[in-house]
Every structure is written in C-alpha cells, then in structure tokens.
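Step one of this worksheet: look at the structure below.
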Amino acid sequence: MSSDLKNNLVSIQESIRNACERFGCERKPSLLAVSKTKPAIAIKELYDAGHRHFGENYVQELEAKSIELADSCPDIRWHYIGTVQSNKISKIASVHNLYCVEGLSSMKHCSVMQNEMAKQGRSLRVMVQMNSSGEEQKGGCDETDCIKMANFICSECPNLQFVGFMTIGSFDRDPNEFNPDFDALYQLRGRWCQQAGKTATDYELSMGMSNDFVQALKQGKALMTEQHRDHSTYRQFGIIANTFDGYDGSAIVRMGNTKVMCLVKGPKRCEITDYDHDCPGHVIVSVFGISDKKEKEVIRRSVRTAILSNVFTPKMYRCKVLIEVRVMYDDGNVLAATLNAANVAMTNTDIEMFDMVVGTGLALRGDQPVQVDPSKADLKESCGQLTVGVMPSVMRAATCEMRGYTTLRKVLYAIDKCSRDALSIHVPVRESIVDGLMEKSGGKVSLINGVDEQ
C-alpha cells in the first residue's frame, strides 16, 4: 500500500476516533472514501487495508471499476453519490455490489429505480437528497419534498430501503463554525422521525467531508443530548380569538407557558389637537405586566411597527387605534407571542390590512443549533435572541428585533429560519382567526399544536 494512501486513511480514522471520544458519540460514523477519478489499484490498496465503502459520481466510471474489482474485492460496497438521471438508472441498478444510491431527488427516479430492482429480485438502500443551501446549481429537494419523497419510497417502493437523508452543502461554510446545512439536515431527520414514529438512530445522515466532519459530529451530538424538547419544534401554541366584549378586537395567545392578552379599541377619529402631522394615523400601544422599561419599549415599538407596516394607511387618516398588551406570564419568546396576539386582535376590527403578521422567535446558541420558540431556560443558555414578524402572503418582514451577539452568517441564517417558520404556521394561525370571527358570542380555543390544557 502506498505511504500517502496509508497515512491519509490512518489520519482520518484517528480524527474520527478522537472526535467521537470528545463529543461522546454513541455510534461511530461510517467513512465513505470518494474514489471518483482514482484508479482501481488505489481502491484495491484501501480495500486490502480493511476499508469497504467507496463512493463514485460518474456512472460509466462506477460500472468499469465494479467490473474490474469484482473478483479481487468481493466485499466492496459501492455508493453512487452523483446526479441520478432517468436514462442511467438501469446501469446504476446493475452495478455489482451496489450498496446505496444517495442522491434521489424525484419520485420519478424512485419509481424507475424500484422497477429495475424488482426485475432483479433484490433490494437497494437509498437516501433522499436535500438542497440544504438553496443553491440552484445543487441537486436535491427542499424539506417538504424530502418528506414526501421518503413517504413515497416507504409506501410505494418495496424494493427500495429508505435509510436516511444526504446533502451537499455550500462550499463557502467555515468548517469551524456552526453550519446551517448540517442543522437543516438534522432538523429534517427529526421531523421525519416524528412523523414516522421512529427515532433518530433509525436513519442515517450523509454529510460532511474531511475538512468539516468534526463540526457535523459536534452539531449532531449537541442535538442528541439536549435535555429539553427538539430544538426545531414549538412549545404548545394556542390562540383564543374574539375574547372580550367592550373591545373592537381581542385575543389571548399562549406559547408554552408564555401567555399574552391583547385588547384593541378603534379605529376612532382623532381630534385635531391630537393629530400628529408626521404620521397618517395613530397607533398607541400600552404594555402591562413587564417591569423592565427597555423590554416594554421594545414590545411597544415592535407592535406599532408591525401594525403600521401592515395597514392601508390612507384608511387610517386622522384615526387612532389603542392597543393594550397585557403580559400575563413570561416564560420566553414573549415578543413573538405579543405580535401574534396583536395580529389576531386586529383582525376583529374594521381596519383594512394587507396581510396577517405572524411572529416567530429563536435563541442563538453559539455553535449549537438554534432553539425555536425559546423558553426562559433556553435563553439563559443562549448568546442572542431574534424575533421576526412576517407577512407571509406578501412575503414581507413587518418587524425584526435582534439582541445579543453572533456571527453575521448566523444572523442571516436565523432571519431565514424565522421567516420559514412563520410560513409553516401561517395556515393554522389564519384558521384560528376564522374560528374566532365565527364565535362572536365568546372566544374559542384554537390549538396550533399540542394538547389543550385550558
């Protein structure tokens, strides 16, 4: 065996072992040697040293090497990691000792692969590819389509064994910093497991290269050892719309133990002496239940900004709206809960709005995954907090509040994450508003998730 190949193999195996010991990994990750463009003799040398898993990007090269090494490497396990094309699937499926196809990204390809494997009377391990970086030149699906693909394989493709997800993230990531691509894949697996009734150890993730696999292990271990809920899920989230008589709009929002009530009066005509010529309409926000003056001002300013971003201002000419915010209990993410309560309460008024404002928040935690809908306990472990009010139908941000410190890259990722979370809860929040409007005689509890505990 050549000294370079031997040294490289020993070095990477030692790095994996050290990383696993450092982070307390219960399962040792598998090492896939990407052998594209490398000669068959080099693969044979690694095989003789005990390595078995090899990845190829090109179908023609994979075919040729599998034939050449069939006798000398009988236990070799080939992974196809290139782009899957319909006209090449039959050739891929015929490869001797094909172990896994890692780049499936369409149901059509799944169906064709299923038919080929059925003809051969054998099964094949497959992985669904996620485009975690959102780069157009990268293959793969978004999170929603990945879940649909996994469902399709499990229900419609008996000769395909779904084993997990893979991604080829952005090459611009710093290998020593928090990687949003890794986080996206961990979150995808978590949501799939929740839907399928499985655990994370039932499915594999294919990601990370020789320069950044340590960060992948670190983020994965941080996720697996969290003592609280999955970082990608909300606490129990409930809304009571159209709650109180004597107000033009009212709502109570509960996110976990955090509970916020919002009462709205207006719009009412302003007196000339009250009119502010710098603003076409008054939105006066009063905040109760918060002792910290800075916190009260942040809530007041953010609610006012979100509403003025969302209303049709000519209809507000010389009018005022009084908004009373009462924080009944604060267990974290109170600004997001307040934005949601104000939004629901405003929909009961006669004020014309462009859209609804959905508030989402998360905690930034250094090189660990961000925590969605953080509690106060989560915030104690964080280095920052971000809250965004999004208008999903028109794809606009109504307000954004950032506290703490982190890298610019993570701030941009966090804003994108908050915005996507707002889109995901947009429909159930809207339905709860409709329920409230139909319940004019009194409020009705509408659960966005969780179990109603009244």
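The values are calculated or read from the model by the stated rules, or taken from the named source; none is laboratory data. Keep in mind the model is a prediction, meaning the values are calculated, not measured. Every residue, glycine among them, receives a Cβ derived from its backbone with ideal geometry; neighbour counts consider all protein chains shown.
Inspect region 124-144 for any residue being at positive phi and modelled with pLDDT under 95 and give the result as yes or no. Yes; the residues of region 124-144 include at least one that is at positive phi and modelled with pLDDT under 95.
Can you run down the residue pairs with Cβ atoms below 7 Å, 6 or more apart or on separate chains, where the first is in region 343-366 and on the phi > 0 side of the Ramachandran plot and the partner is surrounded by fewer than 24 Cβ atoms within 10 Å (Cβ to Cβ) and not in a helix (DSSP H, G or I)? Every condition considered, the pairs that remain are GLY366/CYS383.
When region 240-264 is filtered for residues that are of a type outside the set (A, V, I, L, M), over 13 Å from ALA342 (Cβ atoms) and in a strand (DSSP E or B), the ones remaining, listed by number, are ARG254, THR258, LYS259.
Among the residues making up region 395-454, those that are at pLDDT 70 or above and of a type in the set (Ser, Thr, Tyr) are THR399, TYR405, THR406, THR407, TYR413, SER419, SER424. Applying the condition of being hydroxyl-bearing (Ser, Thr, Tyr) and under 30 Å from GLY121 (Cα atoms) to region 155-182 and asking which residue is nearest to the chain's Cα centre (by Cα) yields THR167.
When region 238-257 is filtered for residues that are among the aromatic types (Phe, Trp, Tyr) and surrounded by 22 or more Cβ atoms within 10 Å (Cβ to Cβ), nothing remains. Scanning region 38-65 for residues that are loosely packed, with under 14 Cβ neighbours inside 10 Å and farther than 13 Å from GLY82 by Cα gives PRO39, ILE41, ASP48, ALA49, GLY50, ALA64.
Of all the residues in region 122-155, those that are more than 19 Å from ARG173 (Cβ to Cβ) and in a helix (DSSP H, G or I) number 12. Remark: LEU364 matches the filter, which requires a residue to be surrounded by 23 or more Cβ atoms within 10 Å (Cβ to Cβ) and either at pLDDT 80 or above or in contact with a His (Cβ under 8 Å, 6 or more places away or on another chain) (or both).
Among the residues of region 108-118, is there at least one that is modelled with pLDDT under 90 and in a helix (DSSP H, G or I)?
Looking for residues that are modelled with pLDDT under 90 and in a helix (DSSP H, G or I), one finds none in region 108-118, hence no.
Tallying residues that are assigned to a helix (DSSP H, G or I), at pLDDT below 85 and within 23 Å of GLU204 (Cα to Cα) within region 1-54 yields 5.
Kindly evaluate GLU177 against the criterion of being acidic (Asp, Glu), closer than 21 Å to ASP421 by Cα and not in a helix (DSSP H, G or I). When the stated conditions are applied, GLU177 does not pass them. MET224 meets the conditions (1) modelled with pLDDT of 75 or more; (2) in contact with a Cys (Cβ under 9 Å, 6 or more places away or on another chain) in every case but one. The failed one is (1). Only residues that are under 20 Å from PRO74 (Cβ atoms) and aromatic (Phe, Trp, Tyr) were counted in region 6-57, giving 2. When region 379-415 is filtered for residues that are in a helix (DSSP H, G or I) and either farther than 21 Å from THR305 by Cβ or in contact (Cβ under 8 Å) with a residue 60 or more places away in the chain (or both), the ones remaining, listed by number, are LEU379, LYS380, LEU408, ARG409, LYS410, TYR413.
Restricting region 89-124 to residues that are closer than 21 Å to LYS148 by Cα and of a type in the set (Gly, Ala, Ser), the residue that is surrounded by the most Cβ atoms within 10 Å (Cβ to Cβ) is GLY103.
Among the residues of region 71-81, not a single one is surrounded by fewer than 20 Cβ atoms within 10 Å (Cβ to Cβ), of a type outside the set (Phe, Trp, Tyr) and part of a helix (DSSP H, G or I). Restricting the first member to region 104-129 and to residues that are touching a residue at least 60 places away in the same chain (Cβ under 8 Å), and the second to residues that are among the β-branched types (Val, Ile, Thr), the beta-carbon pairs closer than 7 Å and six or more apart or on different chains are MET127/VAL163.
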